[in-house]
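A quick write-up on the structure given underneath.
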Amino acid sequence: MATRIKIFDTTLRDGEQSPGCSMNLQEKLEVAQQLEKLKIDVIEAGFAIASPGDFVSVSEIAKVIKNATVASLCRAVEKDIDRAYEAVKYAVSPRIHTFLATSPIHMKYKLKMTEDEILERTGHMVAYAKKYCPDVEFSAEDASRSDKPFLAKVFARAIKNGATVINVPDTVGYSSPEEMAEFITYLKNNVDDIEKAEISVHCHNDLGLAVSNTLASIKAGATQVECTINGIGERAGNASLEEVVMNLHTRKDYYDAECAVDTKQIHRASRLIQTITGVPVAPSKAIVGDNAFAHEAGIHQHGVLMERSTYEIMTPQDIGIPQNKIVLGKHSGRHAFDDRLTELGYSLTKQELDDAFERFKDLADKKKIISDGDLDALIAMKLETAEQHFKLENFVINSGSKITATSTVSLIANDEIIEKVSGGDGPVDASYKAINIILGKHIELEDYSIRAATEGEDALGEVIVKINMDGRKTIGRASSTDIIEASILAYLNGVNKLWA
Ligand code: KIV
Ligand code: ZN
(Lines give C-alpha, C1' and ligand atoms only; values in the text may rest on other atoms or scores of the structure.)
(Ligands and ions follow the chains in the order given, each with its own letter.)
Protein backbone atom coordinates (compact mmCIF):
# COMPACT_ATOMS: atom_id res chain seq x y z
CA MET A 1 0.00 0.00 0.00
CA ALA A 2 1.23 3.51 -0.82
CA THR A 3 2.76 5.42 2.10
CA ARG A 4 0.69 8.38 3.28
CA ILE A 5 2.82 11.55 3.26
CA LYS A 6 1.70 14.44 5.45
CA ILE A 7 2.02 17.88 3.90
CA PHE A 8 3.08 20.60 6.35
CA ASP A 9 2.66 24.04 4.84
CA THR A 10 4.83 26.88 6.16
CA THR A 11 3.82 29.60 3.67
CA LEU A 12 2.47 31.68 6.55
CA ARG A 13 5.65 31.35 8.63
CA ASP A 14 8.84 30.61 6.65
CA GLY A 15 7.24 31.96 3.46
CA GLU A 16 6.01 35.13 5.11
CA GLN A 17 9.50 35.67 6.57
CA SER A 18 10.96 36.23 3.09
CA PRO A 19 11.62 39.78 1.93
CA GLY A 20 8.56 41.47 0.45
CA CYS A 21 6.18 38.62 1.35
CA SER A 22 4.67 39.98 4.54
CA MET A 23 0.88 39.69 4.84
CA ASN A 24 -1.71 41.35 7.02
CA LEU A 25 -4.24 39.47 9.16
CA GLN A 26 -7.00 39.42 6.56
CA GLU A 27 -4.59 38.14 3.92
CA LYS A 28 -3.26 35.43 6.24
CA LEU A 29 -6.78 34.26 7.00
CA GLU A 30 -7.54 34.12 3.29
CA VAL A 31 -4.41 32.00 2.71
CA ALA A 32 -5.20 29.72 5.66
CA GLN A 33 -8.68 29.07 4.27
CA GLN A 34 -7.24 28.25 0.86
CA LEU A 35 -4.76 25.86 2.54
CA GLU A 36 -7.69 24.14 4.20
CA LYS A 37 -9.35 23.75 0.79
CA LEU A 38 -6.12 22.22 -0.47
CA LYS A 39 -6.49 19.65 2.35
CA ILE A 40 -3.13 20.41 3.88
CA ASP A 41 -2.39 18.26 6.96
CA VAL A 42 -0.53 20.87 9.03
CA ILE A 43 -0.66 24.65 8.65
CA GLU A 44 2.19 26.48 10.33
CA ALA A 45 0.37 29.74 11.00
CA GLY A 46 3.31 31.82 12.26
CA PHE A 47 5.86 32.45 14.96
CA ALA A 48 3.62 33.58 17.82
CA ILE A 49 6.26 35.33 19.93
CA ALA A 50 7.77 37.26 17.02
CA SER A 51 5.35 40.21 17.39
CA PRO A 52 1.86 41.00 18.72
CA GLY A 53 0.64 40.90 15.09
CA ASP A 54 2.03 37.40 14.61
CA PHE A 55 0.39 36.27 17.84
CA VAL A 56 -3.01 37.55 16.75
CA SER A 57 -2.77 35.96 13.32
CA VAL A 58 -1.78 32.55 14.72
CA SER A 59 -4.67 32.61 17.20
CA GLU A 60 -7.23 33.85 14.66
CA ILE A 61 -6.17 31.13 12.21
CA ALA A 62 -6.35 28.55 15.02
CA LYS A 63 -9.95 29.65 15.66
CA VAL A 64 -11.19 29.27 12.08
CA ILE A 65 -9.36 26.19 10.77
CA LYS A 66 -11.31 23.00 11.41
CA ASN A 67 -9.73 20.27 9.28
CA ALA A 68 -5.99 20.78 9.64
CA THR A 69 -3.54 20.83 12.51
CA VAL A 70 -2.47 24.40 13.30
CA ALA A 71 1.12 24.89 14.49
CA SER A 72 3.12 27.80 15.85
CA LEU A 73 6.89 27.90 15.72
CA CYS A 74 8.83 28.73 18.91
CA ARG A 75 12.43 28.61 20.07
CA ALA A 76 13.22 25.99 22.72
CA VAL A 77 12.69 28.54 25.49
CA GLU A 78 9.87 28.54 28.04
CA LYS A 79 8.46 31.99 27.26
CA ASP A 80 8.34 31.18 23.52
CA ILE A 81 6.57 27.90 24.18
CA ASP A 82 4.06 29.63 26.49
CA ARG A 83 3.25 32.15 23.78
CA ALA A 84 2.99 29.48 21.06
CA TYR A 85 0.48 27.50 23.08
CA GLU A 86 -1.47 30.63 24.05
CA ALA A 87 -1.98 31.20 20.31
CA VAL A 88 -2.67 27.65 19.05
CA LYS A 89 -4.80 26.50 21.97
CA TYR A 90 -7.98 27.48 20.10
CA ALA A 91 -7.29 24.98 17.32
CA VAL A 92 -9.23 21.74 16.93
CA SER A 93 -5.82 20.11 16.52
CA PRO A 94 -3.02 22.31 17.94
CA ARG A 95 0.71 21.67 17.57
CA ILE A 96 3.73 23.29 19.22
CA HIS A 97 6.75 23.33 16.90
CA THR A 98 9.90 24.01 18.86
CA PHE A 99 13.45 24.20 17.49
CA LEU A 100 17.05 24.24 18.64
CA ALA A 101 20.20 24.25 16.49
CA THR A 102 22.45 21.19 16.54
CA SER A 103 25.27 21.94 14.08
CA PRO A 104 28.77 22.71 15.44
CA ILE A 105 28.71 26.16 13.76
CA HIS A 106 25.36 27.17 15.31
CA MET A 107 26.18 25.70 18.72
CA LYS A 108 29.56 27.44 18.92
CA TYR A 109 28.82 30.87 17.43
CA LYS A 110 25.09 31.42 17.84
CA LEU A 111 24.04 29.50 20.93
CA LYS A 112 27.42 29.23 22.68
CA MET A 113 26.26 25.87 24.07
CA THR A 114 27.93 22.49 24.42
CA GLU A 115 26.52 19.20 23.12
CA ASP A 116 25.46 18.23 26.64
CA GLU A 117 23.65 21.51 27.13
CA ILE A 118 21.81 21.06 23.83
CA LEU A 119 20.75 17.56 24.85
CA GLU A 120 19.49 18.74 28.18
CA ARG A 121 17.62 21.74 26.73
CA THR A 122 15.99 19.50 24.11
CA GLY A 123 14.63 17.12 26.73
CA HIS A 124 13.44 19.88 29.04
CA MET A 125 11.77 22.00 26.44
CA VAL A 126 10.00 19.14 24.67
CA ALA A 127 8.70 17.97 28.04
CA TYR A 128 7.64 21.55 28.85
CA ALA A 129 5.71 21.84 25.57
CA LYS A 130 4.19 18.40 26.06
CA LYS A 131 2.54 19.56 29.29
CA TYR A 132 0.46 21.92 27.19
CA CYS A 133 -0.13 19.96 24.04
CA PRO A 134 -0.07 16.29 23.01
CA ASP A 135 1.32 17.15 19.56
CA VAL A 136 4.89 18.48 19.74
CA GLU A 137 7.27 18.78 16.80
CA PHE A 138 10.99 19.15 17.48
CA SER A 139 13.28 20.61 14.78
CA ALA A 140 17.05 20.33 14.95
CA GLU A 141 17.96 23.54 13.16
CA ASP A 142 20.81 23.11 10.64
CA ALA A 143 20.41 19.33 11.04
CA SER A 144 22.01 18.58 7.67
CA ARG A 145 25.32 20.12 8.86
CA SER A 146 25.17 18.39 12.23
CA ASP A 147 27.17 15.41 13.43
CA LYS A 148 24.98 12.36 12.73
CA PRO A 149 25.63 10.39 15.97
CA PHE A 150 25.00 13.56 18.03
CA LEU A 151 21.83 14.34 16.09
CA ALA A 152 20.60 10.78 16.70
CA LYS A 153 21.03 11.37 20.45
CA VAL A 154 19.19 14.72 20.29
CA PHE A 155 16.24 13.20 18.44
CA ALA A 156 16.14 10.22 20.82
CA ARG A 157 15.99 12.68 23.73
CA ALA A 158 13.16 14.60 22.05
CA ILE A 159 11.17 11.40 21.45
CA LYS A 160 11.78 10.20 25.01
CA ASN A 161 10.23 13.43 26.26
CA GLY A 162 7.18 13.19 24.04
CA ALA A 163 8.00 14.62 20.59
CA THR A 164 5.50 13.29 18.05
CA VAL A 165 7.42 14.61 15.04
CA ILE A 166 11.17 15.03 14.58
CA ASN A 167 12.10 17.41 11.81
CA VAL A 168 15.36 17.45 9.82
CA PRO A 169 15.84 20.93 8.38
CA ASP A 170 18.35 21.58 5.64
CA THR A 171 18.35 25.13 6.97
CA VAL A 172 20.89 26.62 4.58
CA GLY A 173 20.02 24.49 1.54
CA TYR A 174 23.42 22.75 1.67
CA SER A 175 22.49 19.12 1.22
CA SER A 176 22.11 16.92 -1.85
CA PRO A 177 19.39 14.32 -2.55
CA GLU A 178 21.73 11.36 -1.86
CA GLU A 179 22.91 12.92 1.39
CA MET A 180 19.36 13.63 2.58
CA ALA A 181 18.38 10.04 1.83
CA GLU A 182 21.44 8.76 3.74
CA PHE A 183 20.54 11.04 6.64
CA ILE A 184 17.01 9.68 6.89
CA THR A 185 18.22 6.09 6.63
CA TYR A 186 20.82 6.75 9.33
CA LEU A 187 18.22 8.23 11.67
CA LYS A 188 15.82 5.35 11.07
CA ASN A 189 18.56 2.91 12.05
CA ASN A 190 20.14 4.82 14.93
CA VAL A 191 17.55 6.87 16.84
CA ASP A 192 16.08 5.02 19.84
CA ASP A 193 12.30 4.58 19.57
CA ILE A 194 12.24 6.28 16.17
CA GLU A 195 9.02 4.42 15.32
CA LYS A 196 7.23 6.47 17.99
CA ALA A 197 7.66 9.67 15.95
CA GLU A 198 7.00 10.88 12.46
CA ILE A 199 10.15 11.78 10.46
CA SER A 200 9.87 15.15 8.73
CA VAL A 201 12.12 17.19 6.42
CA HIS A 202 12.30 20.92 5.78
CA CYS A 203 14.49 21.81 2.79
CA HIS A 204 15.67 25.22 1.64
CA ASN A 205 16.49 26.00 -1.95
CA ASP A 206 19.84 27.80 -1.84
CA LEU A 207 21.40 25.37 -4.34
CA GLY A 208 18.15 24.76 -6.20
CA LEU A 209 17.67 21.30 -4.66
CA ALA A 210 14.87 21.80 -2.14
CA VAL A 211 12.28 19.76 -4.04
CA SER A 212 14.76 17.03 -5.03
CA ASN A 213 16.02 16.79 -1.45
CA THR A 214 12.44 16.54 -0.16
CA LEU A 215 11.52 13.81 -2.63
CA ALA A 216 14.73 11.84 -1.91
CA SER A 217 13.85 12.01 1.79
CA ILE A 218 10.38 10.62 1.09
CA LYS A 219 11.94 7.79 -0.86
CA ALA A 220 14.16 7.06 2.17
CA GLY A 221 11.26 7.06 4.65
CA ALA A 222 10.31 10.61 5.67
CA THR A 223 6.53 10.80 6.14
CA GLN A 224 6.05 14.53 6.67
CA VAL A 225 7.41 17.21 4.34
CA GLU A 226 7.49 20.95 4.92
CA CYS A 227 6.95 23.26 1.99
CA THR A 228 5.43 26.53 0.80
CA ILE A 229 3.15 27.64 -2.02
CA ASN A 230 5.24 28.89 -4.98
CA GLY A 231 8.34 27.91 -2.96
CA ILE A 232 8.46 31.29 -1.18
CA GLY A 233 10.64 31.48 1.92
CA GLU A 234 13.89 32.68 3.46
CA ARG A 235 16.52 33.61 0.82
CA ALA A 236 16.03 31.26 -2.17
CA GLY A 237 12.88 29.85 -0.59
CA ASN A 238 11.58 26.49 0.59
CA ALA A 239 10.57 23.34 -1.26
CA SER A 240 7.65 24.31 -3.47
CA LEU A 241 4.48 22.57 -2.33
CA GLU A 242 2.96 22.28 -5.79
CA GLU A 243 6.10 20.62 -7.18
CA VAL A 244 6.39 18.12 -4.35
CA VAL A 245 2.69 17.28 -4.50
CA MET A 246 2.55 16.92 -8.29
CA ASN A 247 5.63 14.67 -8.22
CA LEU A 248 3.82 12.37 -5.80
CA HIS A 249 0.64 12.59 -7.89
CA THR A 250 2.29 12.01 -11.28
CA ARG A 251 4.94 9.49 -10.20
CA LYS A 252 3.01 7.39 -7.71
CA ASP A 253 4.49 4.40 -9.55
CA TYR A 254 7.98 5.49 -8.47
CA TYR A 255 7.46 6.97 -4.99
CA ASP A 256 4.73 4.55 -3.90
CA ALA A 257 3.49 7.42 -1.75
CA GLU A 258 0.46 9.69 -1.72
CA CYS A 259 -0.85 12.74 0.09
CA ALA A 260 -4.31 14.15 0.76
CA VAL A 261 -3.87 17.38 -1.20
CA ASP A 262 -6.70 18.31 -3.57
CA THR A 263 -4.50 19.15 -6.57
CA LYS A 264 -7.40 21.01 -8.21
CA GLN A 265 -6.88 23.83 -5.69
CA ILE A 266 -3.21 24.35 -6.59
CA HIS A 267 -3.72 26.93 -9.34
CA ARG A 268 -5.91 29.08 -7.11
CA ALA A 269 -3.51 28.82 -4.18
CA SER A 270 -0.60 29.89 -6.35
CA ARG A 271 -2.53 32.85 -7.81
CA LEU A 272 -3.64 33.91 -4.34
CA ILE A 273 -0.07 34.01 -3.05
CA GLN A 274 1.10 35.94 -6.10
CA THR A 275 -1.71 38.46 -5.67
CA ILE A 276 -1.16 38.92 -1.95
CA THR A 277 2.63 39.10 -1.93
CA GLY A 278 2.99 40.85 -5.27
CA VAL A 279 5.73 38.34 -6.08
CA PRO A 280 4.99 36.74 -9.45
CA VAL A 281 6.29 33.30 -10.40
CA ALA A 282 8.49 32.90 -13.48
CA PRO A 283 6.53 31.92 -16.63
CA SER A 284 8.65 28.76 -16.85
CA LYS A 285 8.10 27.76 -13.20
CA ALA A 286 7.08 24.09 -12.99
CA ILE A 287 3.36 23.42 -12.40
CA VAL A 288 2.15 27.01 -11.83
CA GLY A 289 4.12 29.14 -14.34
CA ASP A 290 2.10 30.64 -17.20
CA ASN A 291 3.96 28.43 -19.70
CA ALA A 292 3.84 25.22 -17.69
CA PHE A 293 1.19 23.74 -19.98
CA ALA A 294 1.82 25.74 -23.17
CA HIS A 295 3.07 23.74 -26.14
CA GLU A 296 4.78 26.10 -28.61
CA ALA A 297 6.81 23.83 -30.88
CA GLY A 298 4.82 22.61 -33.88
CA ILE A 299 5.97 19.03 -33.42
CA HIS A 300 4.74 19.08 -29.81
CA GLN A 301 1.40 20.65 -30.74
CA HIS A 302 0.90 18.03 -33.42
CA GLY A 303 1.75 15.24 -30.97
CA VAL A 304 -0.61 16.57 -28.28
CA LEU A 305 -3.44 16.92 -30.78
CA MET A 306 -2.98 13.30 -31.86
CA GLU A 307 -2.57 11.95 -28.32
CA ARG A 308 -2.12 14.14 -25.22
CA SER A 309 0.25 11.76 -23.45
CA THR A 310 2.91 12.17 -26.16
CA TYR A 311 4.10 15.39 -24.54
CA GLU A 312 1.81 15.92 -21.54
CA ILE A 313 2.40 14.14 -18.22
CA MET A 314 -0.19 16.20 -16.31
CA THR A 315 -3.19 18.16 -17.48
CA PRO A 316 -4.08 21.77 -16.64
CA GLN A 317 -7.30 20.38 -15.12
CA ASP A 318 -5.21 18.37 -12.62
CA ILE A 319 -4.16 21.60 -10.91
CA GLY A 320 -7.50 23.33 -11.39
CA ILE A 321 -6.87 25.61 -14.35
CA PRO A 322 -10.45 26.29 -15.53
CA GLN A 323 -11.17 24.79 -18.93
CA ASN A 324 -14.72 25.91 -19.44
CA LYS A 325 -14.26 29.14 -21.37
CA ILE A 326 -17.73 30.57 -20.74
CA VAL A 327 -17.42 34.34 -20.62
CA LEU A 328 -19.66 36.70 -18.75
CA GLY A 329 -20.79 40.16 -19.81
CA LYS A 330 -23.18 43.01 -19.19
CA HIS A 331 -26.24 40.81 -19.57
CA SER A 332 -25.05 37.98 -17.34
CA GLY A 333 -27.22 37.60 -14.29
CA ARG A 334 -26.45 36.88 -10.70
CA HIS A 335 -26.93 33.17 -11.20
CA ALA A 336 -24.34 32.85 -13.97
CA PHE A 337 -21.94 34.98 -11.94
CA ASP A 338 -22.31 32.82 -8.80
CA ASP A 339 -21.97 29.60 -10.85
CA ARG A 340 -18.80 30.77 -12.53
CA LEU A 341 -17.18 31.73 -9.23
CA THR A 342 -18.03 28.32 -7.76
CA GLU A 343 -16.51 26.67 -10.82
CA LEU A 344 -13.35 28.71 -10.30
CA GLY A 345 -13.12 27.32 -6.76
CA TYR A 346 -14.29 30.38 -4.81
CA SER A 347 -16.64 29.99 -1.89
CA LEU A 348 -17.70 33.43 -0.76
CA THR A 349 -20.11 34.55 1.90
CA LYS A 350 -23.40 36.13 0.81
CA GLN A 351 -22.04 39.61 1.62
CA GLU A 352 -18.80 38.99 -0.30
CA LEU A 353 -20.81 37.72 -3.28
CA ASP A 354 -23.05 40.81 -3.20
CA ASP A 355 -20.01 43.11 -3.13
CA ALA A 356 -18.26 41.20 -5.88
CA PHE A 357 -21.41 41.26 -8.04
CA GLU A 358 -21.61 45.03 -7.65
CA ARG A 359 -17.99 45.36 -8.81
CA PHE A 360 -18.76 42.95 -11.65
CA LYS A 361 -21.63 45.16 -12.87
CA ASP A 362 -19.42 48.27 -12.75
CA LEU A 363 -16.76 46.50 -14.75
CA ALA A 364 -19.26 45.10 -17.26
CA ASP A 365 -20.23 48.70 -18.05
CA LYS A 366 -16.65 49.36 -19.13
CA LYS A 367 -15.73 45.99 -20.63
CA LYS A 368 -17.67 43.86 -23.07
CA ILE A 369 -16.36 40.48 -22.00
CA ILE A 370 -15.53 39.52 -18.43
CA SER A 371 -13.14 36.58 -18.41
CA ASP A 372 -11.92 34.32 -15.60
CA GLY A 373 -8.83 36.52 -15.17
CA ASP A 374 -11.10 39.53 -14.63
CA LEU A 375 -13.08 37.58 -12.04
CA ASP A 376 -9.86 36.65 -10.22
CA ALA A 377 -8.95 40.35 -10.15
CA LEU A 378 -12.44 41.28 -8.94
CA ILE A 379 -12.21 38.81 -6.08
CA ALA A 380 -8.68 39.96 -5.24
CA MET A 381 -10.17 43.43 -4.73
CA LYS A 382 -11.80 42.17 -1.57
CA LEU A 383 -8.29 41.93 -0.15
CA GLU A 384 -7.83 45.61 -0.91
CA THR A 385 -10.47 46.79 1.48
CA ALA A 386 -8.15 48.16 4.15
CA GLU A 387 -9.95 50.82 6.14
CA GLN A 388 -10.07 53.74 3.73
CA HIS A 389 -8.81 56.76 5.58
CA PHE A 390 -7.98 58.40 2.26
CA LYS A 391 -10.38 57.88 -0.64
CA LEU A 392 -9.81 58.94 -4.21
CA GLU A 393 -12.33 61.59 -5.24
CA ASN A 394 -10.90 62.57 -8.59
CA PHE A 395 -7.73 63.03 -10.61
CA VAL A 396 -6.79 65.01 -13.72
CA ILE A 397 -3.66 64.31 -15.71
CA ASN A 398 -1.87 66.57 -18.17
CA SER A 399 0.87 64.70 -19.94
CA GLY A 400 2.58 64.39 -23.31
CA SER A 401 5.91 63.69 -24.99
CA LYS A 402 7.00 67.37 -24.96
CA ILE A 403 5.64 68.58 -21.61
CA THR A 404 6.29 67.79 -17.96
CA ALA A 405 3.47 65.62 -16.69
CA THR A 406 1.27 67.14 -14.00
CA SER A 407 -1.41 65.52 -11.91
CA THR A 408 -4.13 67.09 -9.82
CA VAL A 409 -5.36 64.63 -7.21
CA SER A 410 -8.36 65.12 -4.91
CA LEU A 411 -8.69 62.85 -1.90
CA ILE A 412 -11.44 62.61 0.71
CA ALA A 413 -10.21 62.35 4.29
CA ASN A 414 -12.46 62.87 7.33
CA ASP A 415 -15.30 64.06 5.06
CA GLU A 416 -13.09 66.80 3.69
CA ILE A 417 -11.84 67.09 0.11
CA ILE A 418 -8.16 67.95 -0.21
CA GLU A 419 -6.72 68.71 -3.63
CA LYS A 420 -3.08 69.14 -4.61
CA VAL A 421 -1.18 69.35 -7.85
CA SER A 422 2.34 68.20 -8.69
CA GLY A 423 4.61 67.74 -11.65
CA GLY A 424 6.56 64.56 -12.07
CA ASP A 425 8.44 62.15 -14.23
CA GLY A 426 5.33 60.89 -16.01
CA PRO A 427 1.68 60.79 -14.88
CA VAL A 428 2.13 58.10 -12.22
CA ASP A 429 5.08 59.84 -10.57
CA ALA A 430 3.23 63.18 -10.67
CA SER A 431 0.16 61.60 -9.03
CA TYR A 432 2.21 59.94 -6.30
CA LYS A 433 3.97 63.26 -5.58
CA ALA A 434 0.60 65.04 -5.35
CA ILE A 435 -0.59 62.40 -2.86
CA ASN A 436 2.61 62.81 -0.82
CA ILE A 437 1.93 66.56 -0.61
CA ILE A 438 -1.61 65.90 0.65
CA LEU A 439 -0.30 63.46 3.27
CA GLY A 440 2.64 65.67 4.23
CA LYS A 441 4.85 62.58 4.04
CA HIS A 442 7.73 61.39 1.98
CA ILE A 443 6.69 57.94 0.85
CA GLU A 444 9.27 55.89 -0.95
CA LEU A 445 8.07 53.81 -3.87
CA GLU A 446 10.29 50.70 -3.67
CA ASP A 447 8.68 48.69 -6.42
CA TYR A 448 5.96 49.12 -9.01
CA SER A 449 4.57 46.47 -11.32
CA ILE A 450 1.68 46.39 -13.71
CA ARG A 451 0.23 43.49 -15.61
CA ALA A 452 -2.84 42.84 -17.66
CA ALA A 453 -5.23 40.57 -15.76
CA THR A 454 -6.50 39.27 -19.10
CA GLU A 455 -5.92 39.57 -22.83
CA GLY A 456 -7.31 42.33 -25.06
CA GLU A 457 -7.19 46.13 -25.23
CA ASP A 458 -9.81 46.57 -22.56
CA ALA A 459 -8.00 44.27 -20.11
CA LEU A 460 -8.00 45.15 -16.43
CA GLY A 461 -4.62 46.56 -15.42
CA GLU A 462 -3.46 45.11 -12.11
CA VAL A 463 -0.96 47.35 -10.30
CA ILE A 464 1.10 46.28 -7.30
CA VAL A 465 3.28 48.77 -5.44
CA LYS A 466 5.68 48.34 -2.57
CA ILE A 467 5.91 51.48 -0.45
CA ASN A 468 7.93 52.56 2.54
CA MET A 469 6.49 55.17 4.90
CA ASP A 470 8.64 56.13 7.88
CA GLY A 471 10.49 52.80 7.68
CA ARG A 472 7.27 50.74 7.58
CA LYS A 473 6.72 48.83 4.39
CA THR A 474 3.69 47.38 2.74
CA ILE A 475 2.18 46.27 -0.54
CA GLY A 476 -0.72 48.07 -2.19
CA ARG A 477 -2.71 46.72 -5.08
CA ALA A 478 -5.63 47.67 -7.27
CA SER A 479 -7.15 46.94 -10.66
CA SER A 480 -8.90 49.15 -13.15
CA THR A 481 -9.36 49.38 -16.92
CA ASP A 482 -7.54 52.75 -16.55
CA ILE A 483 -3.93 52.10 -15.59
CA ILE A 484 -3.36 55.54 -14.05
CA GLU A 485 -6.41 55.04 -11.87
CA ALA A 486 -5.16 51.54 -10.93
CA SER A 487 -1.76 53.06 -10.06
CA ILE A 488 -3.27 55.74 -7.82
CA LEU A 489 -5.63 53.29 -6.12
CA ALA A 490 -2.80 50.80 -5.49
CA TYR A 491 -0.72 53.55 -3.88
CA LEU A 492 -3.67 54.63 -1.73
CA ASN A 493 -4.34 51.01 -0.78
CA GLY A 494 -0.78 50.80 0.59
CA VAL A 495 -1.08 54.18 2.33
CA ASN A 496 -4.40 53.19 3.96
CA LYS A 497 -2.90 49.93 5.24
CA LEU A 498 -0.02 51.78 6.88
CA TRP A 499 -2.31 54.51 8.22
CA ALA A 500 -4.54 51.88 9.81
O1 KIV B 1 15.01 26.44 8.11
C2 KIV B 1 14.85 26.06 9.28
O3 KIV B 1 15.73 25.49 9.92
C4 KIV B 1 13.60 26.38 9.92
C5 KIV B 1 13.34 25.70 11.23
C6 KIV B 1 13.07 26.67 12.28
C7 KIV B 1 12.29 24.65 11.07
O8 KIV B 1 12.78 27.10 9.37
ZN1 ZN C 1 13.21 27.21 7.17
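A compact table of results
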item: Any hit, the range 17-36, residues being of a type in the set (A, V, I, L, M), within 16 Å of ligand 2 (Cβ to nearest atom) and farther than 23 Å from Met246 by Cβ; result: no
item: Residues satisfying the stated conditions in the range 158-203, i.e. more than 15 Å from ligand 2 (Cβ to nearest atom), open to solvent by 60 Å² or more (accessible area, probe 1.4 Å) and under 27 Å from the mean Cα position of the chain (by Cα); result: none
item: All positions within the range 207-231 that are open to solvent by 20 Å² or more (accessible area, probe 1.4 Å) and of a type in the set (Val, Ile, Thr); result: Val211, Thr223
item: Residue match in the range 61-68 (condition: under 25 Å from Arg235 (Cα atoms), more than 15 Å from ligand 1 (Cβ to nearest atom) and touching a helix residue (DSSP H, G or I) at 6+ places or on another chain (Cβ under 8 Å)); result: no
item: Extreme residue, nearest to ligand 1 (Cβ to nearest atom), among residues of the range 170-221 that are touching a residue at least 60 places away in the same chain (Cβ under 8 Å) and not β-branched (Val, Ile, Thr); result: His202
item: Of residues in the range 136-157 being out of contact with any Leu (no Cβ under 7 Å at 6 or more places or on another chain), closer than 17 Å to Lys108 by Cβ and open to solvent by less than 10 Å² (accessible area, probe 1.4 Å), the one farthest from ligand 1 (Cβ to nearest atom); result: Phe150
item: The listed residue being within 30 Å of Glu446 (Cβ to Cβ), of a type in the set (Ser, Thr, Tyr), within 18 Å of the chain's Cα centre (by Cα) and more than 16 Å from ligand 2 (Cβ to nearest atom), out of Thr228, Thr275, Thr263; result: Thr275
item: Test: residue in the range 65-85 that is buried (at least 24 other Cβ atoms within 10 Å of the Cβ) and either among the aromatic types (Phe, Trp, Tyr) or under 15 Å from Ile229 (Cα atoms) (or both); result: no
item: Any helices (runs of 4 or more DSSP H) falling wholly within the range 233-319 and containing at least 3 residues that are surrounded by fewer than 20 Cβ atoms within 10 Å (Cβ to Cβ); result: 252-255, 298-306
item: Residues being in contact with a strand residue (DSSP E or B) (Cβ under 8 Å, 6 or more places away or on another chain) and of a type outside the set (Val, Ile, Thr) - total across the range 379-406; result: 14
item: The range 31-56, residues that are under 22 Å from Ile379 (Cβ atoms) and open to solvent by less than 30 Å² (accessible area, probe 1.4 Å); result: Val31, Ala32, Gln34, Leu35, Leu38, Ile40, Ile43
item: Matching option when the condition is of a type outside the set (Ser, Thr, Tyr), in contact (Cβ under 8 Å) with a residue 24 or more places away in the chain and closer than 18 Å to Ala269 by Cα, among Val58, Val77, Val88, Val42; result: Val42
item: Residue list for the range 313-335, filter: modelled with pLDDT under 90 and either among the acidic types (Asp, Glu) or closer than 30 Å to Lys252 by Cα (or both); result: Ile321, Pro322, Gln323, Asn324
item: 2 or more residues modelled with pLDDT of 90 or more and surrounded by fewer than 16 Cβ atoms within 10 Å (Cβ to Cβ): qualifying strands (runs of 3 or more DSSP E) within the range 397-500; result: 403-413, 416-424, 443-452
item: Test: residue in the range 141-154 that is within 16 Å of ligand 2 (Cβ to nearest atom), under 26 Å from Pro52 (Cβ atoms) and at pLDDT 95 or above; result: yes
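The values are calculated or read from the model by the stated rules, or taken from the named source; none is laboratory data. Only a predicted model underlies this, so the values are computations on that prediction, with no experimental measurement involved. Glycine also receives a Cβ, built like all others from the backbone with ideal geometry; neighbour counts cover every protein chain displayed. These accessible areas exclude ligands, DNA and RNA; they are computed on the full protein's heavy atoms, side chains included. Shrake-Rupley method; radii C 1.70, N 1.55, O 1.52, S 1.80 Å.
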